[in-house]
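Undergrad: Have a look at this one before I ask anything.
The values are calculated or read from the model by the stated rules, or taken from the named source; none is laboratory data. Quick caveat: nothing in here was measured; it's all calculated off a predicted structure. Here Cβ is always computed from backbone atoms with ideal geometry, including for glycine, and neighbour counts include all displayed protein chains.
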Amino acid sequence: MRLLFSTLLLLTTLGAPAAADPAPLPTGTDVDYQLGGTASVPDNVGIVVRDRTAEPAPGTYNVCYVNGFQTQPDAKRYWRKHRDLLLQDGRGRLVEDEAWGEWILDIRTPAKRARLATIVGRWTAGCARDGFDAVEYDNLDSFSRSDGLVRAKHARAFARMLTAKAHDAGLAVGQKNWATLDGTRLGFDFAVSEECGRYAECGAYVDHFGDQVLVVEYRARDFATTCREYGDLLAVVHRDLDLSPDGVRRWC
């Protein structure tokens, strides 16, 4: 009986499909950042970033947006049911990223990180099922807006868990912002930078990720600077801050 069980276990293991290696970002093409709503994809665009609730764009490399470290503004009903996973101050008040009206997730303990990784991992698996090629986890740097309650080491620990979830699903995974971090050490395959031209951070991403960097600029002068300095290497798009479907969309 023991031999039969071992044989069955071996056959089950050998027969289990392994997740395919994630495909890297294509180079020599442009990117469109469509988080405010989907739009038609121009012929010059080969990479499209869309929210996890949207459909992937046919015929392109699709990146799934997941808010991995904060809540979405329209998801407060869901997160009230999981209030213990939200960061609270000494008076029990939820800590909010006031610029976006998003609550910060409490990633300070291994137990809470594990529970949160399960939730975000389900979203990530959904991206893979829907046909996305990669995922970007937003607000990696939310610890800097936590009034000192969350530390950088907590963010790094949670990021390692999320990159593992993405790779298990067969997706490449993108580091969102935090230019001084070498995310390759945490499992990130590429980077997505908002306004690296404005803050003179593009070079830091290139140092870590080479040409595997997507850049979104929101001001015309920063877009011009980034195109001049990195347009031959990186995919750069100029978008309006609301990322509206009929808003500004320009490429180098």
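Undergrad: How many of the residues in segment 59-86 are among the polar types (S, T, N, Q) and over 18 Å from Ala128 (Cβ atoms)?
TA: Of the residues in that region, 3 qualify.
Undergrad: Sticking with this structure for a sec: Given the options Arg219, Arg228, Arg249, Arg239, name the one that is basic (Lys, Arg) and within 14 Å of Ile47 (Cα to Cα).
TA: Among Arg219, Arg228, Arg249, Arg239, only Arg249 is basic (Lys, Arg) and within 14 Å of Ile47 (Cα to Cα).
Undergrad: Starting from segment 112-131, keep only residues that are of a type in the set (Gly, Ala, Ser), then list their pairs with residues that are outside any helix (DSSP H, G or I) whose Cβ atoms are within a distance under 7 Å, requiring at least 6 positions of separation or different chains.
TA: Ala125/Ala169; Gly126/Arg52; Ala128/Ala169; Ala128/Gly170; Ala128/Leu171; Gly131/Pro56; Gly131/Asn62
Undergrad: If the requirement is being more than 19 Å from His208 (Cβ to Cβ), of a type in the set (A, V, I, L, M) and surrounded by 17 or more Cβ atoms within 10 Å (Cβ to Cβ), which of these qualifies: Leu94, Leu162, Leu105?
TA: Matching residue, one of Leu94, Leu162, Leu105: Leu105.
Undergrad: Restricting segment 113-152 to residues that are in contact with a Phe, Trp or Tyr (Cβ under 9 Å, 6 or more places away or on another chain) and among the charged types (D, E, K, R), which is farthest from Val63 (Cα to Cα)?
TA: So, considering only residues that are in contact with a Phe, Trp or Tyr (Cβ under 9 Å, 6 or more places away or on another chain) and among the charged types (D, E, K, R), the one farthest from Val63 (Cα to Cα) is Arg151.
Undergrad: What tally of residues in segment 166-175 results from selecting those that are surrounded by fewer than 23 Cβ atoms within 10 Å (Cβ to Cβ) and not in a loop (DSSP other than H, G, I, E, B)?
TA: Total meeting the criteria: 2.
Undergrad: Determine the pairs where a residue that is assigned to a strand (DSSP E or B), located within segment 31-57, has a partner that is basic (Lys, Arg) with Cβ atoms under 8 Å apart, the partner being 6 or more residues away or on another chain.
TA: Hits for this filter: Asp32/Arg249; Tyr33/Arg239; Gln34/Arg50.
Undergrad: Next question. Select from segment 60-76 the residues that are farther than 16 Å from Leu171 by Cβ, touching a residue at least 12 places away in the same chain (Cβ under 8 Å) and over 15 Å from the mean Cα position of the chain (by Cα) and write down the one among them that is surrounded by the fewest Cβ atoms within 10 Å (Cβ to Cβ).
TA: My answer is Pro73.
Per-residue answers, yes or no, for (1) modelled with pLDDT of 95 or more; (2) aromatic (Phe, Trp, Tyr); (3) closer than 24 Å to Pro24 by Cα:
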{"position": "Tyr205", "(1), (2), (3)": "yes, yes, yes"}
{"position": "His208", "(1), (2), (3)": "yes, no, yes"}
{"position": "Val215", "(1), (2), (3)": "yes, no, yes"}
{"position": "Ala220", "(1), (2), (3)": "yes, no, no"}
{"position": "Asp232", "(1), (2), (3)": "yes, no, yes"}
{"position": "Arg239", "(1), (2), (3)": "yes, no, yes"}
{"position": "Pro245", "(1), (2), (3)": "yes, no, no"}
{"position": "Arg250", "(1), (2), (3)": "yes, no, yes"}
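Undergrad: So, one more: State the number of residues belonging to segment 77-104 that are outside any loop (DSSP other than H, G, I, E, B) and in contact (Cβ under 8 Å) with a residue 40 or more places away in the chain.
TA: So the answer is 2.
Undergrad: Quick check on this structure: which one of Arg198, Arg113 is of a type outside the set (S, T, N, Q) and surrounded by fewer than 19 Cβ atoms within 10 Å (Cβ to Cβ)?
TA: Matching residue, one of Arg198, Arg113: Arg198.
Undergrad: Looking only at segment 21-59, which residues are in contact with a Ser or Thr (Cβ under 8 Å, 6 or more places away or on another chain), surrounded by fewer than 16 Cβ atoms within 10 Å (Cβ to Cβ) and charged (D, E, K, R)?
TA: Glu55
Undergrad: Residue check: is Val213 surrounded by 22 or more Cβ atoms within 10 Å (Cβ to Cβ) and more than 16 Å from Cys64 (Cβ to Cβ)?
TA: yes
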